[in-house]
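Since every read-out is calculated from the coordinates, none of them should be taken as a lab result. Here the structure is a predicted model, which means the values were calculated and not measured. Note that we place each Cβ from the backbone using ideal geometry, even for glycine, and neighbour counts take in every protein chain shown.
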Amino acid sequence: MTSKLASNHGSKEHSSTGARRRGVGPSAFYLAAALALTASACTSDDKKTGNAGDGSTGTDAEFESCLANVQSLCITHDQDTAAKMQVPCKAIQFIPIPLTDGTQYGPKTIDAGPYASKLDWNQGAGTAYVNQVNMTSETTICDPTGIDTFMEPAAATADLKNLRGLDPTLYTIFRPACMKKGETYPVISWANGTCGYPHGYAPLLDTIASYGYVIIASNSVWTDTAPSDGVQERAIDYAEYLNEDTTSPLYHRLDLTKVGAMGHSQGAAATIKAAADSRVKSVIFWNYGTTNDKPFLTVSGDHDVMSPTIDTISALADISTQPAEWIFFHQILQTGGNTTGHLVLMEQPDRVWKMAVDYWDWQLKGNEEAKKTFVGSDCGLCTTPDQYDYGVNSVLSGIPRPSDAGSPKGGSPEAGSPEAGSPEAGSR
């Protein structure tokens with residue numbers, strides 16, 4: 001039985017009608033998606049100071065000096081080239097989103113964590129970790145027409161269509177701008193949704209990196225579709241390579257005993273496969289209904305693709321024998337788009353960044369304070385039920401699991417629908 005820890009059905013917006021299937025996903029083309037927001041990143045001058053043997057930035061004084069030289073604010077609307085995307089920043093102001101009532105959401109500013117953040121664009125050329133991709137899918141389908149499918153505001157759509165010279169075979173790295181001497185940082189492998197380019201997720205991923213994480217993101221936007229499937233596993237391989245590359249600012253900077261994976265929509269489907277990798281400890285599924293054999297957090301909400309419900313995502317969490325949490329967002333932006341609930345992490349990163357940081361701090365760093373965001377009757381996510389419903393499975397709640405006699409775990413799917421977690425369920 002799943003324990004629902006926060007709920008306020010009266011305040012949420014109604015999902016459109018649709019089949020209440022256990023798998024929450026449509027075809028690859030309509031999945032993941034896309035719009036909104038560019039971003040910035042923040043950096044120190046990497047290995048100009050410190051001991052080259054351990055990849056240190058330098059002493060505490062040099063770390064503070066590095067931070068002092070980081071730009072105080074990046075405005076994503078102005079980050080319209082690859083060079084500008086790589087400017088170091090202590091805060092990110094992301095693009096305002098026009099609403100149907102004539103107002104707009106934002107601009108909103110997210111302060112970076114203690115390390116600030118740095119984005120490295122088009123990484124991995126000339127290595128064995130370049131990804132094979134279907135260029136027709138990567139370019140012709142998504143830009144100029146695929147992104148338009150989501151019918152989001154023109155400014156957000158245009159910003160995402162500006163690809164800034166992106167090479168889909170390579171990677172974008174989100175990392176701490178300034179790194180302390182002797183420290184190493186957990187690695188997170190990221191997979192984009194269909195037609196969701198890395199700069200669209202940058203406000204979220206930059207912010208997570210600024211709290212002491214290195215995120216290796218494939219640039220591909222068809223991350224669970226051959227030949228570009230397997231990009232998250234290759235990203236981890238690439239991280240291992242970088243950790244031993246004396247020319248890399250990440251030389252001996254990565255804690256490869258602490259690896260997570262997360263992805264959006266089609267990218268979350270890719271994360272299911274990445275979770276089978278023994279190096280991956282825990283995962284986050286953004287806007288894709290599934291379960292897993294690793295600890296996981298699954299995120300959905302009103303007006304998501306395929307109209308998932310609280311019942312479906314909570315049941316999928318309860319199937320797992322591992323700790324699992326689910327969150328279902330309300331108060332979705334009214335942009336005129338057809339599935340705006342699918343894009344909360346892109347258009348409202350201010351609503352999700354802390355939850356994501358706390359999850360990784362708990363799962364990869366063992367932070368007990370971060371755990372309190374998710375666990376307990378007074379957990380951090382239990383305090384604002386007007387914004388979302390939240391719950392955990394019986395592994396975390398302590399509620400006995402119901403007998404399996406007479407029905408499959410978590411309840412049976414509707415007649416004719418694929419079993420939850422199977423390759424057919426929610427396939428992209």
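Relative contact order for the stretch 117-187: what is it in percent, counting Cα pairs under 8 Å that are at least 6 residues apart?
The normalised contact order for the stretch 117-187 reaches 62 percent.
Under 14 Å Cα-Cα from LYS365, which aspartates and glutamates qualify once same-chain neighbours fewer than 8 residues away are excluded?
Candidates past the 8-residue exclusion: GLU183, ASP255.
For the cross-link pairs LYS281/LYS372; LYS108/LYS273; LYS84/LYS371; LYS90/LYS161, which exceed 30 Å when the distance is taken from alpha carbon to alpha carbon?
With Cα atoms farther than 30 Å apart: LYS108/LYS273; LYS84/LYS371.
Using label points projected 7 Å from each Cα along Cα→Cβ, tell me how many nm separate ASP111 and LYS365, to one decimal.
1.6 nm
Report the local net charge at THR172: Lys and Arg +1, Asp and Glu -1, summed over other residues whose C-beta lies under 15 Å from its C-beta.
Around THR172, the surrounding residues sum to +1.
Taking the Cα centre of the stretch 263-342 as the origin and placing charges on Cβ (Lys, Arg +1; Asp, Glu -1), which of ILE310, ILE327, ALA270 is farthest toward the positive end of the dipole?
Of the options given, the answer is ALA270.
Can you classify the stretch 3-397 as rounded, prolate or oblate using the Cα gyration tensor, where a ≥ b ≥ c are the square roots of its eigenvalues, rounded means a/c under 1.5, and otherwise it's prolate if a/b beats b/c and oblate if not?
Verdict is rounded for the stretch 3-397.
Ranking HIS303, HIS264, HIS199, HIS252 by Cβ neighbours within 10 Å, fewest first, what do you get?
So the ranking, lowest neighbour count to highest, is HIS252, HIS303, HIS199, HIS264.
Taking the Cβ of each residue in ARG253, ARG351, ARG175 as the centre, tally the other Cβ atoms inside 10 Å and list the residues starting with the fewest.
In increasing order of surrounding Cβ atoms, one gets ARG351, ARG253, ARG175.
Order these by the 10 Å Cβ neighbour count, fewest first: ILE272, ILE215, ILE399.
ILE399, ILE272, ILE215
Using Cα pairs closer than 8 Å and at least 6 residues apart in sequence, work out the relative contact order for the stretch 188-274, in percent.
Worked out over the stretch 188-274, it gives 42 percent.
Measuring from centroid to centroid over Cα atoms, what is the spacing of the stretch 187-243 and the stretch 135-181 in Å?
12 Å
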